[in-house]
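The values are calculated or read from the model by the stated rules, or taken from the named source; none is laboratory data. Quantities reported herein were computed from a predicted structural model and do not represent experimental measurements. Cβ coordinates were reconstructed from backbone atoms using ideal geometry, including for glycine residues, and neighbour counts include every protein chain displayed. Just the protein is used for accessible areas: all its heavy atoms, side chains included, with ligands, DNA and RNA removed. Shrake-Rupley method; radii C 1.70, N 1.55, O 1.52, S 1.80 Å.
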Amino acid sequence: SEGKTVRIKINAIKEMKQFTGTFHCYEVETYLGKRYGKALLRYSMFADFNKKLIDFYQKKGKRTLLENIPALPSAKSKLFGAHDLDFIRERKSSLQTYLDIVSKLPEVWKCEAFRKLLEIGA
């Protein structure tokens, strides 16, 4: 992303229904220079990506960068569970902070898992 304008924004929370029940997705828009991506992401997709990001830096021998990866917000609300709207809004804000920090990590845009998460090409 050197020299390119980067903007990642979680615009909305979408309630989705599936035969297994209701779940929430976060609508994420990404601008990287002239490239654009839009993705609907479940919390579990952020968690999977976080593991891949750790792996990416470990394989590159950049263990010192691991300390800079922010913690993901908690998977479930201790009081109300994962479907409480206040909890979901708070998690949206925490995920936005997570994306803001991660997007500034060195070499993160070379991580294929990050580009796939945000649905933005190489």
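Largest GNM mean-square fluctuation across LEU95, LEU65, LEU41, computed for the chain with C-alpha springs under 10 Å, falls on LEU65.
Helix 43-59 axis versus longest C-alpha principal axis of the chain: approximately 20°, rounded to the nearest ten. For region 1-110, the set of chymotrypsin sites (Phe, Trp or Tyr not before Pro) satisfying both a DSSP loop assignment and a count of at most 10 other C-beta atoms within 10 Å is given as PHE19.
The value for the chain of Rg(Cα) / (2.2 N^0.38 Å) is 1.09. Taking all protein chains into account, the per residue accessible area for the chain stands at 62 Å² (1.4 Å probe). Pairwise Cα distances in region 1-45 exceed 12 Å in 64 percent of cases.
Cross-link list LYS38/LYS104; LYS14/LYS116; LYS76/LYS116; LYS9/LYS62; LYS60/LYS92: which exceed 23 angstrom alpha carbon to alpha carbon? In this structure, LYS76/LYS116; LYS9/LYS62; LYS60/LYS92 exceed 23 Å between Cα atoms.
Looking at the chain, which longest stretch skips every one of the GluC sites (Glu not before Pro) that is in a DSSP loop with at most 11 other Cβ atoms within 10 Å, leaving the sites themselves out? It works out to 3-66. Under the criterion of Cα pairs below 8 Å and six or more residues apart, the relative contact order for the chain equals 27 percent. Run the paramagnetic zone check for ARG89: 7 angstrom along Cα to Cβ, then residues of region 10-38 with backbone nitrogen under 17 Å. Residues passing the 17 Å test: 10-15, 24-27. For the chain, a simple Cβ point-charge model (Lys and Arg +1, Asp and Glu -1, everything else neutral) yields a dipole of about 300 debye relative to the Cα centre.
Counting 0.36 nm for each residue step from ASN11 to TYR36 and taking away their Cα separation leaves a gain of 7.6 nm. For THR97 and LYS110, the difference between the fully extended length at 0.36 nm per residue and the C-alpha to C-alpha distance is 2.6 nm.
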